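Colleague: Structure incoming, see below.
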Amino acid sequence: MKTTSFIRMLALLAIALVMSCSMDAKEKKSNVKNQKAVIENILTRTSVRQYLDKAVPDDIIETLLRAGMAAPTAVNKQPWHFVVVTDRQVLDGLAQANPNARMAARAPLAIVVCGDMNKALRGDAREFWVQDASAATENILLAAHGVGLGAVWTGTYPNQLRCAAVSKVLALPETIIPLCTIVIGYPAKAQEPKDKWKPENVSWNQFGGKK
C-alpha cells in the first residue's frame, strides 16, 4: 500500500515537472514574441499626415495620454501638460497657427504637448522640461502606432512666433509652453517606414571609435 502511494506521488511529481517545463517554454516563447512586437512597433512607426474621417474613441485617447505620462522625467517632476483637441474649429486654428501642422485641418484629433513651468526644475535645469516632454511625445507616437493610428510630430518650441500663435488658439497661460502638436487619426493609406539605420552615425567608447 505504501509502495503504491509512493509510486503515485512520484508520478504526480513527474507530471508537475513536465507541466512546469511546458509552461516555462510557453512563457519564454510568449516573452520572445512580446519583445519582437515591441521592437517591430518602434521600427515600423512612421509619420502619417492623411487620415480617415473617423473619430478616435475616448478610451484610446486616454491610452495615448497614459503612455505619454509613463515617460521618464528628471527628478520625477513630470513638467508636462497635454491639451487634447477634437473640436473642428480649434483643429483648424492649430493648422493655421503652425504651418507644419496644416494636416490638423483634416484630422480628428491633436494632442498638444506642453511644458508646465510651475512644475519645471529651477535654474540651469529648467530646460530639462524639453527632454521630458519630448520623451512623452515619442511615447504617444509609439502608442498611437501600436493601436492602429497614424500620427505626426509637428514642432512648435522654440519658435517664438509659433508658440505665441498656438498659445493664443488654446488660451494657454504664460506658464504653459507648447512644445509640439501631435496630429493623430486613422491612416487613410498604408505607408512604408523609412530605414534610418546608419552605422556611420555610431562611435564606440569615444567619438570616431570603432568596435
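The values are calculated or read from the model by the stated rules, or taken from the named source; none is laboratory data. It should be emphasised that the depicted structure is a prediction, and the values quoted were computed from it without experimental measurement. Because the Cβ atoms are built from the backbone with ideal geometry, glycine has one as well, and the counts that use them run over all protein chains shown. The accessibility values were calculated without ligands, DNA or RNA, using every heavy atom of the protein model including side chains. Shrake-Rupley method; radii C 1.70, N 1.55, O 1.52, S 1.80 Å.
Colleague: Tell me which of 110, 173, 120 sits at the most positive position along the dipole axis of the range 81-211, charges placed on C-beta atoms (Lys, Arg +1; Asp, Glu -1).
Modeller: Farthest along the dipole direction, towards plus: 110.
Colleague: Okay, moving on. What trypsin sites (Lys or Arg not before Pro) in the range 58-132 are in a loop by DSSP, with at most 11 other Cβ atoms within 10 Å of the Cβ? Intermediate results must be reported in sequence, preceding the final value.
Modeller: Numbers: sites: 66, 77, 88, 102, 106, 119, 122, 126; in loops: 77, 119, 122.
When the trypsin sites (Lys or Arg not before Pro) of the range 58-132 are filtered for loop state and at most 11 Cβ neighbours within 10 Å, 122 remain.
Colleague: With loop defined by DSSP as not H, G, I, E or B, and exposure as at most 10 other Cβ atoms within 10 Å, which is the longest segment of the chain clear of exposed chymotrypsin sites (Phe, Trp or Tyr not before Pro)?
Modeller: 1-196
Colleague: Using the heavy atoms of the protein chains and a 1.4 angstrom probe, tell me the accessible area per residue for the chain in square angstrom. Numbers along the way, then the final one.
Modeller: On the way: 13910 Å² over 211 residues.
Ligands and nucleic acids excluded, the result is 66 Å² per residue.
Colleague: Only four residue types carry charge here, +1 at the Cβ of Lys and Arg and -1 at the Cβ of Asp and Glu. Report the dipole size of the chain about the Cα centre in Debye, rounded to the nearest 20. Intermediate results must be reported in sequence, preceding the final value.
Modeller: Values: 26 positive and 18 negative charges, 158 e Å.
So the dipole magnitude of the chain works out to roughly 760 debye.
Colleague: Treating each Cα of the range 49-159 as an identical point scatterer and ignoring solvent, apply the Debye formula and state log10 I(q)/I(0) at q = 0.18 Å⁻¹.
Modeller: One equal scatterer on each Cα of the range 49-159 leads to -0.91.
Colleague: Shifting gears a bit: Please work out whether the range 163-211 counts as rounded, prolate or oblate from its C-alpha gyration tensor, where a ≥ b ≥ c are the square roots of the eigenvalues and a/c under 1.5 means rounded, while otherwise a/b larger than b/c means prolate and anything else oblate?
Modeller: Details: a/c = 5.93, a/b = 1.63, b/c = 3.63.
Oblate, since a/c reaches 1.5 and b/c is not below a/b.
Colleague: Can you give me the % of accessible surface on the chain that is carbon or sulfur? Probe 1.4 Å, all protein chains present, nothing else counted. Don't skip to the end; give the middle numbers.
Modeller: Working: 7920 of 13910 Å².
Ligands and nucleic acids excluded, carbon and sulfur reach 57 percent.
Colleague: Please compare each pair in 77/168; 54/119; 29/211; 168/196; 77/210 to a cut-off of 29 Å on the Cα-Cα distance and tell me which ones are over it.
Modeller: Working: 77/168 26 Å; 54/119 35 Å; 29/211 31 Å; 168/196 36 Å; 77/210 38 Å.
Those over the limit are 54/119; 29/211; 168/196; 77/210.
Colleague: Would you mind classifying the chain by shape? Square roots of the alpha carbon gyration tensor eigenvalues, ordered a ≥ b ≥ c; an a/c under 1.5 is rounded, otherwise it is prolate if a/b is larger than b/c and oblate if not.
Modeller: Working: a/c = 2.28, a/b = 2.00, b/c = 1.14.
It comes out prolate by the Cα gyration axes.
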